Amino acid sequence: MRNALSPTFIIGSIQIHQISGASCLNMGNTWASGFQSHSKQNQGFGNVYGEKSAIYGNRTLQNDPDGLDLAVLPEHVRPSWLSSWLSGR
């Protein structure tokens, strides 16, 4: 008899097209906790989906003048120089 918590999987075929950001694929006996996700995305082109996709002759220019994109540290963990810089903005 198999154990109900056995991490054995029998899969004929599986296709995963995208896992992004704070996403994940968990199989088996998993216990995901305490995760945090912080992000900033600059996107001017968009997304390309599907199999065998191709983009030809693409040129891009991105202007991102931010000195600091993401300050996610709690106040008590931030270095003093960072707190000073953030308060001056």
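The values are calculated or read from the model by the stated rules, or taken from the named source; none is laboratory data. It should be emphasised that the depicted structure is a prediction, and the values quoted were computed from it without experimental measurement. Note that we place each Cβ from the backbone using ideal geometry, even for glycine, and neighbour counts take in every protein chain shown.
In segment 12-34 there is at least one residue that is at pLDDT below 75 and of a type in the set (A, V, I, L, M, F, W, C).
The residue pairs whose first member lies in segment 34-46 and is within 17 Å of THR60 (Cβ to Cβ), whose second member is in a loop (DSSP other than H, G, I, E, B), and whose beta carbons are closer than 8 Å, counting only pairs six or more residues apart or on different chains, are ASN42/GLN62; ASN42/ASP64; GLY44/THR60; GLY44/GLN62; PHE45/ASN58; PHE45/THR60. Look at segment 4-19: where a residue is under 18 Å from THR30 (Cβ atoms) and a partner is surrounded by fewer than 10 Cβ atoms within 10 Å (Cβ to Cβ) and modelled with pLDDT under 80, sitting 6+ places away or on another chain with Cβ atoms under 8 Å, you get LEU5/ASN29; PRO7/MET27; PRO7/GLY28; PRO7/ASN29; THR8/ARG2; PHE9/MET27; PHE9/GLY28. Per the listing GLU51, GLU75, the residue uniquely in a loop (DSSP other than H, G, I, E, B) and modelled with pLDDT of 75 or more is GLU51. The lone criterion from (1) surrounded by 10 or more Cβ atoms within 10 Å (Cβ to Cβ); (2) at pLDDT 75 or above; (3) part of a loop (DSSP other than H, G, I, E, B) left unmet by SER84 is number (3).
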